1. Would you work out what percent of the accessible area of region 198-246, with all protein chains in place, is carbon or sulfur (probe 1.4 Å)?
2. Summing Lys, Arg as +1 and Asp, Glu as -1, what charge do residues with Cβ under 11 Å from the Cβ of residue 238 carry, residue 238 excluded?
3. Express the C-alpha Rg of region 120-194 as a ratio against the empirical globular expectation 2.2 N^0.38 Å, rounded to two decimals.
4. Convex hull over the alpha-carbon atoms of region 175-229: what's its volume per residue in Å³?
5. From the square roots a ≥ b ≥ c of the eigenvalues of the alpha-carbon gyration tensor of region 109-149, which class results: rounded (a/c under 1.5), prolate (a/b over b/c), or oblate?
6. Sort 23-30, 172-179 by packing, meaning the average of other beta carbons within 10 Å per residue, with the highest value first.
7. Principal axis lengths of region 87-139 from Cα atoms, whole Å, largest first?
8. How long are the three semi-axes of the equivalent ellipsoid for region 154-257, computed from the Cα gyration tensor as the root of 5 times each eigenvalue, in whole Å, largest first?
Amino acid sequence: MHNVREERGRYLAPESWLIPIIQHTASRLKSLGFKADDEFITLFASVPAAHVTGFEPLYEYVVDAYYELKEASEEAPLLTEPRYRPWLDMLEEEVEALAVFEEHLSDSSTVFHAEPILAAAALGLGVDSRSLGCWPSSGLRRVPGRQGILIERKGAKKYLIAPQSLYVLAAAGLSAAGVEPPGSGIAVLPDPALIRRHVAELRLPLNEAAEKLVEIVRSAAHEAQRLGVSEACVSEEFLAIEYVIRGPGHIRVKYLC
C-alpha cells in the first residue's frame, strides 16, 4: 500500500513553485467544509485557483495530472482500489467542469452570466471568513464535482456548469458580502478580468509568481470589502452586482456598474 501511495504521489504532486497559491486555496476550501481526500486536495484546489487567476501552469498541472492518473489507473489496477476510485471520478467531473466554465467565460452570450460566479469566487478566495451562512442548509454541496446553475440576467436565462470547488468559494464570497439564499443583496466584488490581466502581465520568474498570486487575490478582495457601491463604480476596478438567490441552482443577477 505504501508503494501505491508513492506511485500516486508522482502524479498528484505539483511543482514546488506552484504550492503557495494551491496551499492558500486548499486552506480556504477546507475551512469552508469542502470534503476532499488529502491526497487529492492539491488538484481540487488548483481548479478554482486557475479560474480566478487565469494562471496557465495551474490549468496544465490539474489537467495533465488527471490524464496521467487516468492512464495509470487503467494500466495498474492497484491504483484504483475502492477508496481511491471515487476521488478520480470526482476529479474527472471537476476537470470537465473546468473546461465548460472557461467556455462560458469566453462566449459572448454567457460571459456576463458566468462572470458573477467567478467574481464572487475571487472574493471568497481572498477573504478570511470561514462562514457560508445559509448556503449549506439551502442545498450547497461541499464535495468535488460539478454544479449546474440557472443564471438570469436582463431576462435571458442561461444554464451554466461550474466546478463545485469554484462554486463553494463563490458562495463564501457572497456570504461575506451578506448575500445568502433565499434572498437578495448587493455585493462589491473584484473584477476577475482585471485580476487575470494583472497576473498575465506579471514579469516574475515562475518560482516567484505563484506566491504573488496570493497577494494579488487577497489585496483585491480586501479592497472590495472596503468599498461601497458608488466607490466601486467610480474605481472601474470592481464590480457591483445585485443577486437574487433562489437557491444554489438558481440565481438572478443585475450589474449596477
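The values are calculated or read from the model by the stated rules, or taken from the named source; none is laboratory data. Just so you know, these numbers come straight off a predicted model, no measurement behind them. Backbone-built Cβ (ideal geometry, glycine too); neighbour counts: all protein chains shown. The area values use the complete protein model at the heavy-atom level, side chains included, leaving out ligands, DNA and RNA. Shrake-Rupley method; radii C 1.70, N 1.55, O 1.52, S 1.80 Å.
1. That share works out to 46 percent.
2. Its environment carries a net charge of -4.
3. This ratio for region 120-194 stands at 1.08.
4. 91
5. The shape class here is oblate.
6. 172-179, 23-30
7. 32, 30, 22
8. 26, 17, 13
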